[in-house]
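Undergrad: Right, I'll just put the structure down here and ask away after.
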Amino acid sequence: METVSLSRSFEGEIEPVREAMLDLGPFMEAAGFDRVAVDGREMTITNHVGLLTIELDLRCVETDSVLAYEQVDGIFETMTTRYTLESGDGTVTVTATTDFALDVNLVGPILDGTIISRQRRKELTAQFDYLEDVAAEAIAAK
């Protein structure tokens, strides 16, 4: 099992950030995936990584996190992502953690954990940029 975890703190209130995270379509699109389809609490994302096109079917799961989802079908043996929020003194801290194990039979030598980790960091960073913009817009609207 491999883990990618990132955190970012920025100025803002927690509620607009929480609402943006729970609006699954725009939030998942912010990651830079090539295609995002949302149906209730289920999502399908498609992304090109190198020469490979990856499609994942995801399902939101109930946890103590603001948002959590797991792979239902795709290239991973297992994959879960959790997002948490903390606030204090006018700042919001977002933490995202993805735990994954590759299904070697499906990806073979084309992908390894290093490539997946690098790609995931890029996706999470893009989502954090989006959330930081949401928080800044909420401040400006006051």
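Laboratory data are not the source of any read-out in this text; all were calculated from the coordinates shown. If you're wondering where the values come from, they're calculated on a predicted model, not measured in any experiment. We place every Cβ from the backbone using ideal geometry, glycine too, and count neighbours over all the protein chains shown.
Undergrad: Students often get this wrong, so try it: which of (i) 6.6; (ii) 8.4; (iii) 10.9 is mean projected area of the Cα convex hull in nm² as calculated from the structure shown?
TA: Label of the calculated value: (ii).
Undergrad: Could you work out [θ]222 nm for the chain from helices alone, using -39500 (n - 2.57) per DSSP H run of at least four and dividing by all its residues? Round to the nearest 500 deg cm²/dmol. Working shown, then result.
TA: Numbers: 4 runs with 48 residues, N = 142.
Calculated from helices alone, the mean residue ellipticity at 222 nm is -10500 deg cm²/dmol.
Undergrad: Could you give the size of the charge dipole of segment 2-141 about its Cα centre, using +1 on the Cβ of each K and R and -1 on the Cβ of each D and E, expressed in debye and rounded to the nearest 20? Each step should come with its number before you reach the end.
TA: Working: 10 positive and 27 negative charges, 82 e Å.
Dipole size: approximately 400 debye.
Undergrad: Let me ask something else about it. Have a look at the DSSP beta bridges in the chain and tell me what percent are antiparallel, nearest 5.
TA: Numbers: 43 of 43 bridges.
Expressed as a percentage, antiparallel bridges in the chain total about 100.
Undergrad: Something else now. Out of Pro16, Thr114, Ala101, whose Cα points farthest toward the positive end of the dipole of segment 2-141 (charges: +1 Lys, Arg; -1 Asp, Glu; placed on Cβ)?
TA: Sorting the options by dipole projection puts first Thr114.
Undergrad: For Arg8 paired with Ala141, estimate the spin-label separation in nm (one decimal), with each label point 7 Å from Cα along the Cα-to-Cβ line.
TA: Inter-label distance under the simple model: 1.9 nm.
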